[in-house]
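Step one of this worksheet: look at the structure below.
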Amino acid sequence: MSSLGSYVKERREALSAKHSGYSIRSVAKRIGIHHSYLSKLERGENAPLTEERIHALARLLGEDPEVLMALAGKLSERTTAIIRSDPAAFQESLASLQGRMAGQSGLPADSPTQRLAQRKNELEELTRLLRDEIRQRQVLEGQLREQQKVQSTILQNLRDVSVVLLDTQFRIVWSNTPVTDNPSSLMHQLGAGNCGQLGPDGSEANPYCTAWRALKTRTIQNGTYRSIDGRHWLLRSAPVLAADGTVTQIVHLQFEVTELLQARQALEASEERWKFALEGSRGAVWDYDILTGRVQHSPMWMAQLGYAGHEFELTIDQWERMLHPDDRGPAMDTLAAHVRGETEFYDFEYRLLCKDGSYKWIHSRGKLMEKGSTGSATRITGTHHDMSQRKAIEEQILANEAFLETLLGSIEEGISVLAPDMTVRYANPTMVRWYAEGCNPVGKKCHQAFHQLGECCARCPAVRSLRTGRNEFEVLEVTSSTSVRSIEFSAYPIRDMSGDEVTGVIVFVRDITAKRQSRTTQEPDAQLLDMYEAAPIGMCTVDAAGRFVRMNSRYARLHGYASARQMMRSVHSESEAFASPSDWAALQEQILVREEITGFECRIRCKDGTTPWASRSIRVTRGDRGGVRGWDVFLEDIQARKSRELAPGDMR
């Protein structure tokens, strides 16, 4: 081996002096070994090379491979075959070569005895080398057979995978499963030209088109195929190349993916339905990784706060900073309690900072989805809903309730609301001051809270109104130690949305002593007129013919007029304010038979010709014989609500 190493080093360095491509690294890379191994060989250390590597080295250095084989102490297959074919001629060739070498050196030729002994030694060495070569090949062949056995076992036990070895004529050489279709016949019948065309769904014309392309391109080809019975397959064909680059065989694999494809389609459909439902509810999804602190989210999460796309990486710390200062502590405490397993769900309403600097109310609800090996929480998933509109409605309701409370508290008349069993549901401050002596009457019976009686009064108009479903009036003389007062009681039934069932009664109590004494009609109190004018809803009073008697500014503005005076100059009857005559006729029918009408929804006619939606509540005034004397109208704008409720096709 040292002779081979020194010879190779000498030849390589000679070539390296002429061309840079013969460095030790370059030569080692081109024959397929590491440069340190070639360096070891050139230093004379034990670094054997295979016959294939020696031949590659000989071609690279421009040397005879037989010479390098001999310097390496090996015999090529060709030399071995020559010796086996004629050992005697080989011995004579060796003797002739030795004679020439001896003559050139000036040394006397060996004696016949010496030559015979030398030839014997050479033959013994040659026999030993041949025996080693045979033994080494037997070991390699055994390893190859074992490897082929393992590979065959693996291929034959593959499930849902068909492996077929084809020759260049598409004949089957080997297959791990029975093959019903003959690839060669199939290619002949359908024509290989169809393999260049894919179907509408992107599938191959036949299951062996990838093998045909692999043969033509000498590269691995992939594809899909749908069989006649509706099954789906993934195809993969790999060419087996000879040393000169030609294709000798083709390995063709078919994977059935029908169930996998069906499962994927079902999953995609489920995800599409889930996405549609979530986006339809304007909700967003978030996923909190507790270990890393990162929060994954859907695009709607950012959109709810005014961000376009994924403008920043969301973490739990960033989310905490976005919380409103008043909500930060409670929100984090609620989340920590759920992480500790103290609650079934994480459910909290808080305000988050938007891109424009404002805060938006968010309802967040989540649940612990994963735990670590120690049982600690690792992942929470939940939803995000914008509830700012609902909060605005709640605040408006509270404001309306506060306004109504202020309004009712300012009226110097007693007002109470009674349930069908005469339980007090509400009483304004005047009613409490007059009759309940400052105690809260809510929840008590009317006769107990206001009159300190054990049963209802015999002439109680509230009892009659609950029984008849009509407005009832009564004037009672209340005598005290110092005076006699005339008190007017008015009871108005409260009906459900259908207008059929009486669910309560409103009682107005008014001291009319001064009125009865003077016998004159008094103008409305200035304070009541101010409140009438400042009311947030439209209010008007009409006579029995539907002509306007009075209205507040809000009623006029709802119809597009600047003031009540301007509207009353232009519109003389309430019927002219209706967009549809049929709605006016329907209202007149109800006024004839009912004392109070709530939630009568219809379109009104504005000054500019538009017809927005509005809701009327009516309180009818009748004479002694029950005839209609007029009615009070309370009008509210419901256009925004109707726009949300009605589809575009229903907006008539």
Suppose R0 equals 56 Å. What FRET efficiency, 1/(1 + (r/R0)^6) with r the Cβ-Cβ distance, do L123 and D317 give to the nearest 0.05? 0.05
Check T621: other-chain or 5+ apart residues with amide H under 5 Å from its amide H, H built from backbone geometry? R629, G630, W631, D632
So, taking all protein chains as they sit and a 1.4 Å probe, how much accessible area belongs to K40, in Å² rounded to tens? 70 Å²
Residue by residue through region 531-547, which ³J(HN,Hα) values in whole Hz follow from phi under the Karplus form 6.51 cos²θ - 1.76 cosθ + 1.60 (θ = phi - 60°), with glycine and proline marked x? 5, 4, 5, 8, 4, x, 10, x, 9, 8, 10, 10, 8, 5, 8, x, 7
Using a probe of 1.4 angstrom, how much of the accessible area of region 325-467 is carbon and sulfur, in percent? 54 percent
Cα-only Debye scattering, region 286-345: base-10 log of I(q)/I(0) at q = 0.13, 0.14, 0.16, 0.19 Å⁻¹: -0.39, -0.45, -0.59, -0.81
With all protein chains modelled, accessible area of L234 [1.4 Å, Å²]: 80 Å²
Please list, in order, the residues from region 39-59 whose amide nitrogen is less than 12 Å from a point placed 7 Å along the Cα→Cβ vector of Q143. none
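On full extension of the chain, what length is gained from V257 through D132, given 0.36 nm per residue of separation minus the C-alpha to C-alpha distance?
Net length gain for the segment: 39.9 nm.
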Restrict the search to region 341-437; then list the GluC sites (Glu not before Pro) that DSSP places in a loop and that have at most 15 other Cβ atoms within 10 Å of their Cβ. E342, E344, E412, E437
Students often get this wrong: which residues of region 342-356 have the backbone nitrogen under 20 Å from the point 7 angstrom along Cα-to-C-beta of H297? 346-356
Note: region 1-49 at 25 °C, 0.890 mPa s; Kirkwood Rh on alpha carbon pairs; Stokes-Einstein D in µm²/s works out to 231 µm²/s
Cβ-placed point charges (K, R +1; D, E -1), dipole of region 349-496 about Cα centre in debye, nearest 20: 760 debye
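Give me the percent of the accessible area of region 576-652 that comes from carbon and sulfur atoms, probe 1.4 Å, all protein chains in place.
Answer for region 576-652 is 49 percent, counting heavy atoms of protein chains only.
Calculate, for region 345-450, the solvent-accessible area per residue in square angstrom, rolling a 1.4 angstrom probe over the heavy atoms of the protein chains.
That works out to 54 Å² per residue.
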Sites W174 and A266, calculated FRET efficiency, Cβ-Cβ separation with R0 35 Å, nearest 0.05: 0.40
Which order do H35, H310 take by accessible area at a 1.4 Å probe, largest first? H310, H35
At a probe size of 1.4 Å, how large is the accessible area of T406, to the nearest 10 Å²? 90 Å²
From Cα coordinates alone, what are the radius of gyration and Dmax values for region 525-572 in angstrom? 10.6, 29
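The values are calculated or read from the model by the stated rules, or taken from the named source; none is laboratory data. Note that the structure is predicted; figures quoted are calculated from it, not measured. Positions of Cβ are generated from backbone atoms using ideal geometry, with glycine treated the same way; all protein chains shown enter the neighbour counts. The protein model used for the area step is the full one, side chains on, heavy atoms only, and it has no ligands, DNA or RNA in it. Shrake-Rupley method; radii C 1.70, N 1.55, O 1.52, S 1.80 Å.
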